[in-house]
Amino acid sequence: MTLYVTRHGQTEWNSEERVCGTSDIKLTDKGVTQAAELAMKLGDYKIDMVLSSPLNRARTTAEILAKQWGGEVVLDSRLSEQNYGIYEGVSRSDEGFKYAKKQFPGKMLGGESVFRVVQRVYNLLDDINNGHHSNVLIVAHGSVCRVIHSYFNDLSNEEYSAYYIRNCELKEYHF
């Protein structure tokens, strides 16, 4: 089984280098273009199912991708971005955020821990692996893509923290 994973198209907060977790931010025009370009690239892929975070930026990206081959998008809240609590909307270079992001078991004040995100995403990946699909496309967010990457690869804490996927970049994994 092949799992394709992409991060949603660009949002205004992405372009401003701001932390965007559960805030329901829309795609920019560039984000819509990125999704359309990826849809063209995926045109020859055989995708059985498209799973998406219910947040607007991921859902819209998934709908643009699925429209390419007439597929349906299935929303799954386990693919929602991490709740960054008090760090929502701050600069990605904020020292407090950078420190809190590396405290895997600790909840960000008003948010959730990395461990909680890992739990829900790993459970979803186990469900997908036990399903009856050949090729699944996931449209999610940066932290969720990082967790998915860790499911398939052994990473040090530093490698995990440093992993980054660009908007509408496509990754491929095999169960």
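The values are calculated or read from the model by the stated rules, or taken from the named source; none is laboratory data. All values derive from a computational prediction rather than experimental measurement. Heads up, the Cβs are rebuilt from the backbone with ideal geometry, glycines too, and the neighbour counts pull from every protein chain shown.
Miscellaneous remarks
- Selection within the range 85-94 - in contact with a strand residue (DSSP E or B) (Cβ under 8 Å, 6 or more places away or on another chain) and in a loop (DSSP other than H, G, I, E, B): 89, 90, 92
- Residue 74 vs. criteria touching a residue at least 12 places away in the same chain (Cβ under 8 Å) and within 21 Å of residue 162 (Cβ to Cβ): no
Table: residues versus (1) over 19 Å from residue 54 (Cα atoms); (2) of a type in the set (A, V, I, L, M, F, W, C); (3) part of a loop (DSSP other than H, G, I, E, B).
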| residue | (1), (2), (3) |
| --- | --- |
| 83 | no, no, yes |
| 96 | yes, no, no |
| 104 | yes, yes, yes |
| 108 | yes, yes, yes |
| 116 | no, no, no |
| 121 | no, yes, no |
| 124 | no, yes, no |
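- Residues being under 24 Å from residue 98 (Cβ atoms), surrounded by fewer than 18 Cβ atoms within 10 Å (Cβ to Cβ) and among the hydrophobic types (A, V, I, L, M, F, W, C) - total across the range 110-150: 1
- In this structure, residue 26 does satisfy being over 18 Å from residue 161 (Cα atoms) and at pLDDT 95 or above.
- Candidates 31, 43, filtered to the one that is more than 16 Å from the chain's Cα centre (by Cα), assigned to a helix (DSSP H, G or I) and farther than 13 Å from residue 140 by Cα: 43
- Residue 148 being aliphatic (A, V, I, L, M), assigned to a helix (DSSP H, G or I) and in contact with a strand residue (DSSP E or B) (Cβ under 9 Å, 6 or more places away or on another chain): yes
- Top-ranked residue of the range 94-109 - restricted to ones that are more than 21 Å from the chain's Cα centre (by Cα) and in contact (Cβ under 8 Å) with a residue 24 or more places away in the chain, ranked as nearest to residue 18 (Cα to Cα): 94
- Number of the condition not met by residue 131 [criteria: (1) within 30 Å of residue 29 (Cα to Cα); (2) part of a loop (DSSP other than H, G, I, E, B); (3) not aromatic (Phe, Trp, Tyr)]: (1)
- Every test in (1) in contact (Cβ under 8 Å) with a residue 40 or more places away in the chain; (2) surrounded by fewer than 14 Cβ atoms within 10 Å (Cβ to Cβ); (3) touching a strand residue (DSSP E or B) at 6+ places or on another chain (Cβ under 7 Å) is passed by residue 18 save one, and that test is (2).
- Among the residues making up the range 1-53, those that are under 25 Å from residue 129 (Cα atoms) and touching a Ser or Thr at 6+ places or on another chain (Cβ under 8 Å) are 1, 2, 6, 8, 38, 46, 48, 52, 53.
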